[in-house]
Structure formats: C-alpha cells, structure tokens
C-alpha cells in the first residue's frame with residue numbers, strides 16, 4: 001500500500017492560510033496535471049492584485065495581460081495612516 005500522506009499534507013498546506021489574510025476572500029485549487037481522469041477546472045480571473053514588492057518588469061507584464069483580458073488591476077500599497085500596518089489597494 002502506498003503512503004500518500006506526504007502528497008495529502010503538501011496539498012493541504014498549499015490550500016490553507018492564516019486568518020489575517022481572510023480579507024482576500026480567495027479560493028485555492030490544486031490539481032495533478034498528469035493525473036489520469038483529472039477534470040478540467042475553469043477559473044477565469046475577475047481582478048488581479050499585484051503585491052507591494054512586485055518588480056516593475058513583472059508588474060508591466062501583468063498589466064498587459066490584464067488589459068488583454070479586460071480585467072482590472074490593483075497594486076497593494078502600505079497604508080501610512082493605519083495604526084495596524086494594513087495594506088490597501090490602488091487601481092492601476
């Protein structure tokens with residue numbers, strides 16, 4: 001019998017996040033690309049949020065992709081007025 005606990009644990013850890021990130025309201029899905037009979041999962045993005053420290057070359061590429069897909073792009077920035085060190089987003 002195969003011990004798949006490492007496979008299940010790695011999948012589990014890829015799909016959980018700390019409660020402090022719950023505002024993102026995202027869903028995570030992992031599939032085995034080579035798994036036989038694996039169904040196709042259609043996931044079309046509605047918005048793209050770029051991290052605060054994302055390199056400008058990557059940001060430019062992401063913006064081009066978003067424009068082609070006709071979806072809005074936001075950049076995360078540090079909220080200097082927040083006492084909780086929060087990030088806010090700015091539409092690009």
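Numbers below:
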read-out	value
Listed peptides 4-13, 59-68 by packing density, highest first (mean Cβ within 10 Å)	59-68, 4-13
Where labels lie 7 Å past Cα in the beta-carbon direction, separation of residue 84 and residue 26 in nm	1.9
Segment residue 64-residue 6, extension gain: residue separation times 0.36 nm, minus the distance between their alpha carbons	17.1 nm
The chain: angle of helix 5-14 to the longest principal axis, Cα-based, in degrees nearest 10	20
Within the range 5-91, percent of DSSP bridges classed antiparallel, to nearest 5	60
In degrees, nearest ten, helix 56-69 long axis to first principal axis of the chain (Cα)	80
The chain: calculated mean residue ellipticity at 222 nm from DSSP helix runs of at least 4, using -39500 (n - 2.57)	-8000 deg cm²/dmol
Stokes-Einstein D (µm²/s) once Rh is taken as the Kirkwood radius of the chain over alpha-carbon pairs, at 10 °C in 1.306 mPa s	97
Highest-fluctuation residue, 16, 71, 48 considered, GNM on the chain with Cα pairs under 10 Å	16
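Read-outs throughout are calculated quantities, based only on the coordinates presented, and are distinct from any laboratory measurement. The shown structure was predicted, so the numbers you read here are calculated from the model rather than taken from an experiment. Don't worry about glycine lacking a Cβ; one is built from the backbone with ideal geometry, like all the others, and counts go over all protein chains shown.
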